[in-house]
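Report on the following structure.
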Amino acid sequence: MQPQPRLSEVVDAIMRYLHSHPDAADTVDGICEWWLPKHWRVDARYVEAALLRMQVQGLVRCRENADRHVIYLRADNPSARMSGQ
């Protein structure tokens, strides 16, 4: 089993995903499953820590969806601005 990646590596992987998919938005669990390399085994709390760091840096933001799940997306997501999110 591979060791857990460094926090900076998780941040970089999320940024690469958002660069390739600028309108992406997902929960922490979805980010763990779909946005990160498949061979990584990353704890959801670790991804939350990376997302918090990214929020502080102004790279991502979060919002609640209709089901009250917290969704993360690019901070400058043009679709979210247009819909008033």
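Computed from the coordinates by the stated procedures, all read-outs in this text should not be read as laboratory data. Small disclaimer: the values here were computed from a predicted structure and weren't measured. As a convention, Cβ positions derive from the backbone with ideal geometry for all residues, glycine included, and neighbour counts pool all protein chains shown.
For the chain, the longest principal axis of the Cα atoms and the long axis of helix 44-56 meet at an angle of about 50 degrees. In sequence order, segment 35-41 has phi-based couplings of 8, 9, x, 4, 7, 7, 10 Hz under the Karplus curve 6.51 cos²θ - 1.76 cosθ + 1.60, θ = phi - 60°, and Gly or Pro positions carry x. Between the Cα long axis of helix 7-20 and the first principal axis of the chain there is an angle of about 50°, rounded to the nearest 10. Charge tally around Leu59: other residues with Cβ under 10 Å, Lys/Arg +1 each, Asp/Glu -1 each, net +2.
Counting neighbouring Cβ atoms within 10 Å and putting the fewest first, the residues Arg74, Arg45 line up as Arg45, Arg74. Computed extension gain for Val70 through His19, at 0.36 nm per residue and net of the alpha carbon distance, reaches 16.3 nm. A straight chain from Arg41 to Arg6 at 0.36 nm per residue would run longer than the Cα-Cα distance by 11.4 nm. Amide H contacts of Asp26: Tyr72, each under 5 Å away and 5 or more positions distant or on a separate chain (H built 1.01 Å from N in the peptide plane; Pro and chain starts excluded). Here the Gaussian network model covers the chain, with springs between Cα atoms less than 10 Å apart; of Asp67, Asp12, Asp23, Asp67 fluctuates the most.
Only helices enter the 222 nm calculation for the chain: every DSSP H run of n ≥ 4 contributes -39,500 (n - 2.57), and dividing by all residues gives -11500 deg cm²/dmol, rounded to 500.
Which of rounded, prolate or oblate describes segment 7-76 when judged by the alpha-carbon gyration tensor and an a/c cut-off of 1.5?
Working: a/c = 1.37, a/b = 1.21, b/c = 1.14.
Cα axes put segment 7-76 in the rounded bin.
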